[in-house]
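Here is the structure we will look at.
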Amino acid sequence: MAELQEVQITEEKPLLPGQTPEAAKTHSVETPYGSVTFTVYGTPKPKRPAIFTYHDVGLNYKSCFQPLFQFGDMQEIIQNFVRVHVDAPGMEEGAPVFPLGYQYPSLDQLADMIPCILQYLNFSTIIGVGVGAGAYILSRYALNYPDTVEGLVLINIDPNAKGWMDWAAHKLTGLTSSIPEMILGHLFSQEELSGNSELIQKYRNIITHAPNLENIELYWNSYNNRRDLNFERGGEITLKCPVMLVVGDQAPHEDAVVECNSKLDPTQTSFLKMADSGGQPQLTQPGKLTEAFKYFLQGMGYMASSCMTRLSRSRTASLTSAASIDGNRSRSRTLSQSSESGTLSSGPPGHTMEVSC
């Protein structure tokens, strides 16, 4: 497995007092389905998985995840884990346009590239964080290689293949809308697009004027041709690891995520519906998502309660004790979040956790 590129770069972000720039290395490796580029931040920690991210259509790892991983409270997490940010083929900055007739990998094939990355880095396990198409890819990988995935945070996942009605609507939309507008409709809610906020203007400009727009369209087509993941509660086809499902309360994929939650093991799955977050909660509500991510990691036994800066200490302490008694990391929780009340509901009805956001 030959390394094609290794570039030393420094993450561009405002530093907090006392912080130093975080070094990163970008690599490209060959896989059976073509070359893939990924960026590694930090150094591996003994007996800890890597945080492994995969972005959505129309984005790359920076435009999808920077607001989340640059958020101040997120530093408590990234200091304790090495991070691997994957760019789907042709989505990395400066990527050349694929030649006419190039066969872009399917989402299943993109998932099958991941073992090549982990083998190159000599990493044995990951905690995946995926958005949209990236959430699907990480889920497919987890189904194929369950022993290498310790946890998944899946934002805006749609595990279902497109039905005939979906295809008809997609074709009709394609007659009146450009590829950038269709992708924006995938990423953001109609309310957000109508409001045309600064965030929407920024991402509309990023996608519309992307020099690799032809590549983006190929990734978009692969997403629309995805197969059904066939999740079945109580069946053989399911995610074996702890999962946190995340969606905005007015996101385009809200119904799909709710349906996905109904098909997964309730003892392993948390569901977080975020108010006032729109279609991309990692962009619009990084603080609340960071807190939920900390809670998720703490439930897996990786974050000490001293790091839980805003969550209820008593509740997290009791969860840690319960996990120690169980001897395993399974949990049964459904989370819902309100930006106005600042609460996370957890466990049995009526049991809430206060969050100061």
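The values are calculated or read from the model by the stated rules, or taken from the named source; none is laboratory data. No experiment lies behind these values; they were computed from the predicted model shown. Glycine also receives a Cβ, built like all others from the backbone with ideal geometry; neighbour counts cover every protein chain displayed. We work out accessible area using only protein heavy atoms, side chains counted, and drop any ligands, DNA or RNA first. Shrake-Rupley method; radii C 1.70, N 1.55, O 1.52, S 1.80 Å.
Odds and ends about this structure:
- Sites Gln190 and Asn80 - FRET efficiency at Förster radius 35 Å, r taken between beta-carbons, to 0.05: 0.35
- Here the label points at Thr208 and Arg48, each 7 Å from Cα along the C-beta direction, are separated by 4.2 nm in the simple model.
- List Leu297, Leu283, ordered by accessible area with a 1.4 Å probe, largest first: Leu283, Leu297
- In Å², nearest 10: area of Ile78 left accessible to a 1.4 Å probe: 10
- Accessible area of Lys202 in the full protein assembly, 1.4 Å probe (Å², nearest 10): 110
- Rounded percent of accessible protein surface that carbon and sulfur make up, region 43-121, 1.4 Å probe: 54
- Counting only protein heavy atoms and using a 1.4 Å probe, the accessible area of Glu191 comes to about 110 Å².
- With R₀ set to 22 Å, the beta-carbon distance separating Asn144 from Arg233 gives a calculated FRET efficiency near 0.65.
- Per-residue extension of 0.36 nm, minus the Cα-Cα distance of Ser177 and Ser262, leaves a gain of 27.3 nm for this segment.
- Sorting Ile237, Ile77 by solvent-accessible area of protein heavy atoms yields Ile237, Ile77, largest first, with a 1.4 Å probe.
- A quarter of the convex hull surface defined by the alpha-carbon atoms of region 24-302 gives 14.1 nm² as the mean projection.
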